[in-house]
Structure formats: C-alpha cells, structure tokens
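Only the coordinates and a few stated rules stand behind these numbers; no lab work does. Keep in mind that this is a model prediction, so the values were computed, not measured. FYI the Cβ positions are ideal-geometry reconstructions off the backbone, even for glycines, and counts take in every protein chain you see.
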Amino acid sequence: EKYSYGIVGLGVMGRNLLYNIADNGFSIAGFDLDNEKVKDLENGATPNMIVAGTDSLEEFVSKLEAPRKIILMVPAGNPVDAVLQNITPLLSKGDIVIDAGNSYFKDTNRRVDQLAAVGLHFMGMGVSGGEKGARRGPSIMPGGDLEAFGLLQPMLEAISAKVDGEACTAYMGKGSAGNYVKMVHNGIEYAIMQLITEAYDLLRKGAGLNNDQLYDVFKEWNNGEMNSFLIEITRDIFQQKDDLTDGYLVDMILDKAGAKGTGKWTSEQAMEIGVSIPTIDTAVTSRIISAYKEERIKASQLYSKDEIVKPENAELFIKEVGDALYLATLISYAQGLALLVKASEEYQFEIPLKDVVKIWRGGCIIRSVLLEKFYLAYSKDENLSNILLDQEISEIVKEKITSLRKTAAFAVSNGISTIGTQTALGYFDAYTTESLPVNLLQAQRDYFGAHTYQRIDREGVFHTSWQSANN
Ligand code: 6PG
C-alpha cells in the first residue's frame, strides 16, 4: 500500500505538519535519520491516521505513490542541499519536492533549476504559525510550478487555518515567490515585535506600569481593534510566573536577541531592489544592538539619562501609546507589502497581493484584524502600490497620527529608545511629503561629482559648473 505524501525531517515542526496532514485523511510517510524521532512519530499517531515512519531513505521513497509529493521540513541552508543530494537519485520524473522551511529565495531558484534538469519539480513553500500552527492550521505560502501546485492544493487547503471558512493558503506566484512572501512575512514579524517591545518600554518606564497592569492593557488592546496573535501572546507573557524565583519570567530574561536571518534578508532585499522599509531595517538592527550587552552597560554609565518626566495623564498616555503602536504596525505592513509589489515586478513573480493579505489573516504569526482592512483595500484595487494610498486606510491613519507623533516625541525627549516607532513615523512623513529637500542633495552630487540633476521646469539632464566662494 502506497502513501500519498511524504515528509523528510521529523523534528517538532515536521511531525506536527505530518499529523495535521494525516488528520485530514491523507496517508503520509515520514523519514528521519534519527530513529528516536521515527519512534516518537509512530507512538504519537492516533488510530484515525494512516502514517508510517522510517529511517531508511530508500524505504521512504518506495512507500510513496507516483508522482511522489515530498515535503522537506529541515533547517534552511546546507541541510536542504544535503537531502536533495541523497534523495534525487531515488526519485522518478514528475516527482515533486516541496521545501517548507525558511529557505532563501535565491537558493530555491538554484534548486528549481537543479531538479528541473533531471525532470523533477521543486517548490518553495512558506509555512507560518509555529509548532501549534503546523499541528492545527498554519498559513501556507506555496509558489512555483503551477501544475505541481495544483496537485497539492486540496491537501494544503485542508490542513491550513481557516478564516470565515476560507483556507489560509493560496498560490503566491512563480519561481521562488513562496519563499519570498514568507521572508517578507518574517520581516514584518520582526517590525511588529520591535514595536510591541517599544510600547512595553514606554508603558513601564513612562507610565510606570507593572506586569499585572501591562497584562490588563494588552488584554484590552487584544479585545479591540488591535486584536492579533502577537498582542495576544504578549498579554500572556506578562502573566507568566517564573519557576525559579518568585517573580515574573519576563523580568528574568536576558535582553539579548537572537535571529535566524529572515529579517536581515528582507532588509538586504529591500536595499537591493530599491524599496524603503526602515521599520523592518531598524527591527533587525535593534536585535543587533541588543547583543552588545556589555558595551551597552558601559555606555549607559558614561551617558547616564535624566529622570523620565512622567506623562500628566497616565490613562491618556496609555491610549496614545496603543494608537501609536497600531499605526506604526500598519505602516510596517505597508512597507513589507510595498516590497512585495516591487519584487513581483523585479523577479516576475506575479504575486497576488490580495491573496497574500487574505491568507495572512489566519494561522500565521502576523495575523491580525488589520489584515481584513488590507484585504478590502486590495479587493477594490489589486494593483495598489502602497496601502497608505487607500482611502479607507487613510482615514485610520489620520485618526491615529497625532498619537504617533506625541508618543514619538515623549520617547525622544525622555531618551527612551524607540527606533522602530521613530522610523515608522519618519517613513510616513517622507512618503507623504510632496517636496523633499532632495533638490539640495542632487545639487551636492552634481557639485562634487558631476552626477547631473533633473529640473522641475524642463525635460532633460543637467550639469552645472558650481561656483566656490573660496575663489
Ligand atoms: C513563523 C515564524 C517562524 C520562526 C522565525 C523566527 O512564521 O512561524 O516566522 O518562521 O519563528 O523563523 O525567526 P527568528 O529566529 O529570526 O526570530
């Protein structure tokens, strides 16, 4: 008896995705070199599931029906190439290999070509939602070969999260579009997480809130228009007690951030193809600064800060911080989505932006009720270049912008580091300014390097022999 699907890599994510697929009535085989993981898989399966595990790659491949549909759940980078090297000789023409890790899109392009040369399909597929998502319904971002996608579609729709009965999965475009969309998802994830930490810092240092009060504030936020996965888990974090001391766990965690690279790739990409995403950039850079803990300690002693001038009206302050967070979050999505628009042109991905925001509404880490509004915006205009240009979105922005300015001003005047919030505002102000002072910059470039400039009153390219006052 043959199995419909196969999964390579039975770590927690691989196992959970496998169970999810099996729960939905698809037979599936799992492979891992580690026999312990194979045993764990079989022990954890329920009677309704048709699953098999093996630590032999040959046996695994022979168990799969044609065309084979094999999902890779191994860490991005060399492990993917290692699996491909071992498995490719065992496969037959028309088989499909789907990489469900956070692979770099350029690696996927290379692998697509490499496997196409021997008649195999290779697809990059973003999966978001962490361990629980994989088990109960993630957001799934597949891209690449349309025919191969068609074979997977019913299964992907069955296992993904649902919003209003609609599956949180859709075809994200050609080539490595699936990985690209997931990369940008993670860039936005970095930005929102950074913004939430800044709001937390403002509330604890500015308004003096303790963890119980922070819990209440985040609970209220999550119950309203800011309802989202990241606000929800942040609420819960403020409640978690520490097992080792009497206090709260969050207070015992060292303030040094880790990162696996997807945020950095997003920033590098934006620079490479010319898109401004400063809030994502600063989210990456904030994690980097945080790692220099010892230097930060020395610097904080050298440049001690004045005491914070507390806000006059704490309640109003909390509301403004919430509105600022809401708007800065919206602006972060705007930056990430603008990157997708440009990348879609640049790499001929043909990314359907409307479907991107649609499938981000559930299952993924950046799911939020805000995405419903973006979905409406793209439903009206699929070619919207930036969501800030949508009429309805502009109404929200106008309602919140004063809070963002006041919050940013409070942070700046009190020396509370809020570079994510500042860059969201800075981006907004630049993007919404008709005449930037870049006329002067162009003059400087032409002055020292004859780089030329354009004029506002006539066509053409100009160069001036600029006069120095020194002569
Ligand atoms: C998701 C997450 C997931 C993972 C990130 C974390 O969508 O489920 O984004 O992919 O948690 O890779 O990335 P960092 O380790 O870089 O924070």
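Normalising by the residue count of the chain, find the relative contact order in percent from Cα pairs under 8 Å and 6+ residues apart. Provide the component values of the computation, followed by the final result.
Values: 790 pairs, mean separation 61.7, N = 471.
The normalised contact order for the chain reaches 13 percent.
Between LYS380 and ILE273, the contour length at 0.36 nm per residue exceeds the alpha carbon distance by 35.8 nm.
Taking every C-alpha pair closer than 8 Å and separated by at least 6 residues, the mean separation divided by the residue count of region 5-171 gives a relative contact order of 20 percent. The calculated pair-distance distribution of the chain uses every alpha carbon pair, bins of 20 angstrom beginning at 0, and gives 22, 49, 26, 4, 0 percent.
Counting neighbouring beta carbons within 10 Å and listing from fewest to most, the residues LEU72, LEU440, LEU115, LEU376 come out as LEU440, LEU376, LEU115, LEU72. Of the GluC sites (Glu not before Pro) found in region 262-332, those in coil by DSSP whose Cβ has at most 14 other Cβ atoms within 10 Å are GLU307, GLU312. Classification of region 202-262 by its C-alpha gyration tensor yields an oblate form. The axis ratio a/c (a ≥ b ≥ c) is 1.5 or more, and b/c is at least a/b. Of the Cα atoms belonging to region 237-295, the radius of gyration and Dmax stand at 15.9, 50 Å.
Centroid-to-centroid, using Cα positions, region 196-251 and region 127-191 are 30 Å apart.
By other beta-carbon atoms within 10 Å, ranking ILE308, ILE289, ILE351 with the fewest at the front produces ILE289, ILE308, ILE351. Sorting MET13, MET183, MET252, MET49 from the fewest to the most surrounding beta carbons within 10 angstrom yields MET252, MET49, MET13, MET183. Out of all DSSP beta bridges in the chain, what portion is antiparallel? Express it as a percent rounded to 5. Antiparallel: roughly 30 percent of the beta bridges in the chain. Eigen-decomposition of the gyration tensor built on the alpha-carbon atoms of region 280-373 gives equivalent ellipsoid semi-axes of 35, 22, 11 angstrom, largest listed first.
In the chain, once you exclude exposed chymotrypsin sites (Phe, Trp or Tyr not before Pro) (DSSP loop, at most 14 other Cβ within 10 angstrom), what's the longest stretch remaining? All intermediate terms of the calculation are to be shown ahead of the outcome.
Details: sites that count: TYR292, TYR303, TRP466.
Longest site-free region, per DSSP loop and neighbour criteria: 1-291.
Per residue, the chain reaches -17000 deg cm²/dmol at 222 nm when only DSSP H runs of four or more residues are counted, each adding -39500 (n - 2.57).
In order along region 205-218, phi translates into HN-Hα couplings of 7, x, 9, x, 6, 8, 4, 5, 5, 4, 4, 4, 5, 5 Hz, rounded to whole numbers, per the Karplus curve 6.51 cos²θ - 1.76 cosθ + 1.60 with θ = phi - 60° and x for Gly and Pro. Available extension along the chain between GLN153 and VAL309 is 50.5 nm, counting 0.36 nm per residue and deducting the alpha carbon span.
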